[in-house]
Amino acid sequence: MPIVLQEENSHNNFTYAIWRIEESEAWFLEQLQLSSAEQAQLETIKGWRRMEWLAVRQLVAALVPGEERAMLVKDEYGKPHLHNSPLQVSISHSHQLAAAMVGEKVLGIDIQQIVEKIGRLAPRFLSARELAFIHPTEHRIAHLHVCWCAKEALYKAYGKREIDFCEHLLLDAFEYQTAGGSFQGRVIKEEFDATFTLQYRKFEDCMLVTADIL
């Protein structure tokens, strides 16, 4: 199945989309025409992760049209980049869904299936201040997933390792809205200090958050 959701922000010059993974591996391989280096990388991947790897590349190709497919390559920290392109890119996947975001500025995207166990994990990625603005009962699980995806999106935007999710990734207080919404977050790590707009929406049984730098 092709793209099931696509949104364009013309003011901030970015686009993001979701692809539902229903095709076969053979279909993706025919569409993508992988380079020898990409084929070698795919051979190191096993199981369903192969389909996720292929789907995000197919989605990025759809978001960056051109005479040649924009190849995804990783830098020394593992952050994906578009080969020979000034555009920024971020990717994510959760179960049957792949997500990608492409734009002109620093950005990040994350999608996660909503699960109850996040309630037990919250103190690992939220500070005491952030935990305090989570409603104790109403929409608590969804609210926590927005925070988790937001911090993942910020982490991807930062693009380097050795990040403490409680200390270096900071979220402004916000009330969860079932229709989706936005708030701000900040990455502070050594010389890097940047504020991002975080937008969230629920898509089926998943939470999706995008981050774009102010």
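Read-outs: derived from the displayed coordinates by stated rules, not from any lab. Bear in mind that the values here come from a model prediction, so they are computed numbers and not experimental data. Every residue, glycine among them, receives a Cβ derived from its backbone with ideal geometry; neighbour counts consider all protein chains shown.
Please list, in order along the stretch 154-159, the HN-Hα scalar couplings obtained from phi with the Karplus expression 6.51 cos²θ - 1.76 cosθ + 1.60 (θ = phi - 60°), rounded to whole Hz, x for Gly and Pro.
Going residue by residue, I get 5, 4, 5, 5, 4, x Hz, with x marking Gly and Pro.
Identify the residues of the stretch 69-89 with backbone N under 13 Å of a label point that sits 7 angstrom from the Cα of Ile163 along the Cα-to-Cβ direction, or state none.
77-80
Mind giving me the nanometre distance, one decimal, between the label points for Ser127 and Ile114, set 7 Å out from Cα along Cα→Cβ?
Roughly 2.7 nm, to one decimal.
Work out from phi, with θ = phi - 60° and the Karplus expression 6.51 cos²θ - 1.76 cosθ + 1.60, the ³J(HN,Hα) of each residue of the stretch 197-214, listed in order in whole Hz, and give x for Gly and Pro.
Calculated HN-Hα couplings, in order: 8, 10, 10, 10, 7, 8, 10, 6, 9, 10, 10, 10, 9, 10, 10, 10, 6, 7 Hz.
What residues have an amide H closer than 5 Å to that of Lys105, excluding those fewer than 5 places away on the same chain, when H is modeled at 1.01 Å from N in the peptide plane?
Sorted by chain and number, the residues that satisfy this are Gln88.
Determine the gain in length on full extension of the stretch Val4-Arg186; use 0.36 nm per residue of separation and subtract their C-alpha separation, reporting nm with one decimal.
Numbers: separation 182, 0.36 × 182 = 65.52 nm, distance 2.99 nm.
Full extension of this stretch gives 62.5 nm more.
Can you tell me the FRET efficiency between Asn84 and Leu214 if r is taken as the Cβ-Cβ distance and R0 is 25 Å, rounded to the nearest 0.05?
Numbers: r = 28 Å, r/R0 = 1.10.
My answer for the efficiency is 0.35.
Using modelled backbone amide H atoms (1.01 Å from N, in-plane), which distant-in-sequence or interchain residues come within less than 5 Å of Ile21's amide H?
Those lying under 5 Å, H to H, from Ile21 are Leu97, Ala98.
Starting at the first residue of the stretch 13-22, write each ³J(HN,Hα) from the Karplus equation 6.51 cos²θ - 1.76 cosθ + 1.60 with θ = phi - 60°, in whole Hz, x for Gly and Pro.
So the J values, rounded to whole Hz, are 6, 9, 9, 9, 7, 10, 10, 8, 7, 10.
Suppose a student asked you for the relative contact order of the chain, using Cα pairs under 8 Å spaced at least 6 residues apart; what percent would you report? Write out the running numbers ahead of the final one.
Working: 400 pairs, mean separation 35.6, N = 214.
Taking the mean separation of contacting Cα pairs over the length of the chain, I get 17 percent.
Consider the candidate values [x] 1.27; [y] 1.02; [z] 1.14; state which one is Cα Rg over 2.2 N^0.38 Å computed from the structure displayed.
Only one listed value fits the structure, namely [y].
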